[in-house]
Amino acid sequence: MPNTYQMGETVTIRADSANEYGSAVDPDTSITVTIDDSAGAAKVSAENMTQDDTGRYYYNYAIPAAGPAGTWNYEVIATHDSKVTISGGTFIVAARTT
């Protein structure tokens, strides 16, 4: 079940990079993230994620106060040893409650 955030909140997208043995490694290139809102509009396009440890990355995105509400999608891309890894997920944006 995807996490739910209210308009105006910040979502943190995390990504881990590992080799074929499961050991944390840094990719050969930057890990990037793309975020599309519930209408399919690109809000973030191939932005570099921030590294906080070997093989561990994150990206903070402030959801606009105007949303839109609905299910948003994200995609993370990394390259290690000439192998491209693509992962993704969703989160839900709800209207702010009073």
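The values are calculated or read from the model by the stated rules, or taken from the named source; none is laboratory data. If you're wondering where the values come from, they're calculated on a predicted model, not measured in any experiment. Please note: Cβ atoms are built from the backbone with ideal geometry, for glycine as well, and neighbour counts cover all protein chains shown.
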Q.
For region 32-54, give me each residue that is surrounded by 19 or more Cβ atoms within 10 Å (Cβ to Cβ) and either among the hydroxyl-bearing types (Ser, Thr, Tyr) or within 20 Å of Asn19 (Cα to Cα) (or both).
A. Thr32, Val33, Met49
Q: Keeping to region 17-31, report how many residues are surrounded by fewer than 16 Cβ atoms within 10 Å (Cβ to Cβ) and either modelled with pLDDT of 95 or more or among the charged types (D, E, K, R) (or both).
A: 2
Q) Taking region 61-98 only, how many residues are of a type in the set (Lys, Arg), farther than 26 Å from Asp26 by Cβ and part of a strand (DSSP E or B)? A) 0
(Q) Looking only at region 42-60, how many residues end up being part of a strand (DSSP E or B), within 12 Å of the chain's Cα centre (by Cα) and on the phi < 0 side of the Ramachandran plot? (A) 10
Q.
Could you list, ordered by first residue, the pairs with Cβ atoms under 9 Å in which the first is in region 73-98 and farther than 16 Å from Glu47 by Cα and at pLDDT below 80 and the second is surrounded by 12 or more Cβ atoms within 10 Å (Cβ to Cβ) and of a type in the set (Ser, Thr, Tyr), at least 6 apart or interchain?
A. His80/Ser17; His80/Thr29
